Amino acid sequence: MYVVGMRALEEDMRALNDCAPEFYPIGDCISPRNIAAAVTEGYMTARNIGRC
């Protein structure tokens, strides 16, 4: 099996970057990955919000 046409969604990320005081790019806007990696990254990012 193979996948064709995967690319990071950087343009979409830049368009949304100024929509909120805090913006955390995760998932395919960083780099295309599998669903397990994307879910883990989203969970860890949400878990760390406000811990600075």
Within the stretch 15-43, count every residue that is small (G, A, S), loosely packed, with under 11 Cβ neighbours inside 10 Å and in a loop (DSSP other than H, G, I, E, B). 1
Under 6 Å by Cβ, and 6 or more places apart or on different chains, what pairs join a residue from the stretch 39-52 that is touching a residue at least 12 places away in the same chain (Cβ under 8 Å) with one that is of a type outside the set (D, E)? E41/I26; G42/I26; T45/Y24; T45/I26
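FYI, it's all coordinate maths here, none of it is from the lab. What you see is a predicted model; the values in this text were computed from it and never measured. Note that we place each Cβ from the backbone using ideal geometry, even for glycine, and neighbour counts take in every protein chain shown.
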